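The values are calculated or read from the model by the stated rules, or taken from the named source; none is laboratory data. All figures in this text were calculated on a predicted structure; none of them were measured in a lab. When we count neighbours, we look across all protein chains shown, and the Cβ atoms used for this are built from the backbone with ideal geometry, even at glycine.
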């Protein structure tokens, strides 16, 4: 007679074993109809698994986060059900849930194309309309192996071989199709309605390029049709804003095969980069950072001593000279300690804040490279603060304020904060980790900020606070970070003289605001859809001549505006003014200044905004005042 305790504390007693579905039915038929799965003593289980002993039970529906993930996972199985019915010689690999969707990796000699996605989607729709029950069978490893051997499912057999002998394996039966999964899954396909297959891509078994080549089908699924439509709209908008497309269209940057994962900046893109760098440099100066520059290639012995060689060796580019091996630096921190170590430091000198726009290289897998968002060569807005334990709170607190100030400058007002604590593989004593985590926790609590704990996600040398942005499409981008590190200063012999004239190791705070210039510019391109605020725009204003008579005035004003410090250019082609305005608008130049005979007579321009608004007639002094005002606002919303 299991006693079931529900979330509200109420209890239900059943004479025999009971399932989640039966518990839901005892509460109400509406809940039973909505039930997808359940939690038994905090463990997710299928809705049809018998509960035989006293348990705490939570019923899961599509309104729950776990519920929508189960729906997505079940849709992955439906891909298998559908493709097995349509195509021959198909072998299923793995089909996990991912953020906002799911995918399935499939082995087939036949190469899928976009028309196949339509065909598979149509077959899935026919299957789910049957409203068939999804059966779960718990079998031995031997029986599971026999099942998939009969079906010639090579990849499933490989997975089974890795499972311990005594384990029970869950098989999910979708009519004639059988898949293997940890589960849980929906009890009936009536829960599977609102989905879309999105795209095809290539992959490799176990992510290893030396293994078989697979084909990956991506999809998304939601509890309600409106949620699906809203997501598809966001996807469409994201494609429009894809920084790779806009980068090419507006000649910002390019990447080519001869230098994969490394950026060729064009004049327009490099202008944005330089403006961004200038802004961050001003912020650093305002907050008393000292800018330095350190070498690109450093003997591997330093990386061995810092601990990076053991952990990141596979991600490092190396070179050799005169029987010595050098690593092209993947990060800046060990080099910054070398600068700190030059000369005797006193507690009176601390904190010392060393900043560098450090060019780093990491040997990212080619399949992971993605425009500006994932590159092999990037520049960090990196800095390291050397301080005493007593100074940690103030330094972290000040940095949090700095991060908020910078992000709001670009129009990002919603900032998500997470605290990542000690990972399984780490350096340093438990006492050091306790102190580090306590310091960051205290700083967040003292600032009265909302934050989320991420257990086990810290760096190998210390815990960290991560700062993420939410963009106009509600996508989350993790950018800034601050990490407390007691260990590396010890490993690399960084010391200062304390008040008692004794040598002590400083605490090292690793911090970045943007993360990397490349990735942050990629985020900005998509956030603004390349319609940059005037302070960031490659060209801030363009002067258009109406007739050839106005060319000289255009050129004169252009010279004056550029000499004043703005980025200006002209369009004096023999084209109609409407065509020129359209071209300038497509180029996304914030201000469009037209000069005809009337404007020339009064030594002024007729000014238009990028959005088409007529701003009026401006002489140069008033134009400068307007531009100064717009530039001062930067990208802030208010």
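Only one of the numbered conditions (1) within 38 Å of the chain's Cα centre (by Cα); (2) buried (at least 22 other Cβ atoms within 10 Å of the Cβ) is violated by residue 24, and that is (1). A single entry from 143, 166, 162, 99 fulfils the requirement of being under 25 Å from residue 35 (Cα atoms) and surrounded by fewer than 19 Cβ atoms within 10 Å (Cβ to Cβ): 99. Residue by residue through the range 305-318, note down the ones that are loosely packed, with under 13 Cβ neighbours inside 10 Å and free of Cβ contacts under 8 Å to residues at least 12 places away in the same chain. Of everything in the range 305-318, just one residue is loosely packed, with under 13 Cβ neighbours inside 10 Å and free of Cβ contacts under 8 Å to residues at least 12 places away in the same chain, namely 310. If you go through the range 70-96 and keep only what is surrounded by fewer than 20 Cβ atoms within 10 Å (Cβ to Cβ) and closer than 25 Å to residue 475 by Cβ, you end up with just 96.
Listed here are the residues, each with its yes/no results for (1) within 30 Å of residue 398 (Cα to Cα); (2) modelled with pLDDT of 95 or more.
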residue: 234; (1), (2): no, no
residue: 253; (1), (2): no, yes
residue: 267; (1), (2): no, yes
residue: 271; (1), (2): yes, yes
residue: 274; (1), (2): yes, yes
residue: 282; (1), (2): yes, yes
residue: 290; (1), (2): yes, yes
residue: 300; (1), (2): no, no
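Apart from one condition, residue 404 fits all of (1) under 20 Å from the mean Cα position of the chain (by Cα); (2) touching a residue at least 40 places away in the same chain (Cβ under 8 Å); the exception is (2).
Checking every residue in the range 432-452 against the condition of being assigned to a strand (DSSP E or B), modelled with pLDDT of 90 or more and out of contact with any helix residue (DSSP H, G or I) (no Cβ under 7 Å at 6 or more places or on another chain) gives at least one match. For the range 39-68, filtering for residues that are part of a loop (DSSP other than H, G, I, E, B), under 36 Å from the mean Cα position of the chain (by Cα) and more than 14 Å from residue 4 (Cα to Cα) leaves 5. Restricting 355, 368 to those that are under 23 Å from residue 460 (Cα atoms) and free of Cβ contacts under 8 Å to residues at least 24 places away in the same chain reduces the list to 368. Selection of first residues in the range 572-586 that are free of Cβ contacts under 8 Å to residues at least 60 places away in the same chain and of second residues that are in a loop (DSSP other than H, G, I, E, B), restricted to Cβ pairs under 6 Å at least 6 apart or on distinct chains, gives the following pairs, ordered by first then second residue: 577/546. Consider residue 427 carefully, then state whether it is in contact with a helix residue (DSSP H, G or I) (Cβ under 8 Å, 6 or more places away or on another chain) and either buried (at least 17 other Cβ atoms within 10 Å of the Cβ) or outside the structural domain of residue 100 (by TED's automatic domain parsing) (or both). Criteria met by residue 427.
Within the range 336-363, if we keep just the residues that are in contact with a strand residue (DSSP E or B) (Cβ under 6 Å, 6 or more places away or on another chain) and part of a loop (DSSP other than H, G, I, E, B), the residue that is surrounded by the most Cβ atoms within 10 Å (Cβ to Cβ) turns out to be 350. In the condition set (1) free of Cβ contacts under 8 Å to residues at least 60 places away in the same chain; (2) closer than 24 Å to residue 305 by Cα; (3) part of a strand (DSSP E or B), residue 419 is compliant with all but (2). For first residues located in the range 51-62 and in contact (Cβ under 8 Å) with a residue 60 or more places away in the chain, partners that are buried (at least 20 other Cβ atoms within 10 Å of the Cβ) and assigned to a strand (DSSP E or B) and lie 6+ apart or on another chain with Cβ distances below 9 Å form the pairs 62/222. Scanning the range 626-636 for residues that are touching a strand residue (DSSP E or B) at 6+ places or on another chain (Cβ under 9 Å) and free of Cβ contacts under 8 Å to residues at least 60 places away in the same chain yields one hit, 626.
Summed over the range 501-549, residues that are in a helix (DSSP H, G or I) and surrounded by 20 or more Cβ atoms within 10 Å (Cβ to Cβ) total 12.
Rundown of residues vs (1) assigned to a strand (DSSP E or B); (2) buried (at least 16 other Cβ atoms within 10 Å of the Cβ); (3) touching a helix residue (DSSP H, G or I) at 6+ places or on another chain (Cβ under 8 Å), yes/no style:
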site: 303; (1), (2), (3): no, yes, yes
site: 320; (1), (2), (3): yes, no, no
site: 326; (1), (2), (3): yes, yes, yes
site: 334; (1), (2), (3): no, yes, yes
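Being closer than 26 Å to residue 171 by Cα and either touching a helix residue (DSSP H, G or I) at 6+ places or on another chain (Cβ under 9 Å) or in the same structural domain as residue 136 (by TED's automatic domain parsing) (or both) holds for only one residue in 55, 62, and it is 62. Screening the candidates 165, 161, 153 for the property of being under 20 Å from residue 217 (Cα atoms) and more than 34 Å from the chain's Cα centre (by Cα) yields one hit, 153.
For (1) modelled with pLDDT of 95 or more; (2) farther than 30 Å from residue 213 by Cβ, each residue gets a yes or a no:
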residue	(1), (2)
47	no, yes
64	no, yes
71	yes, no
109	no, no
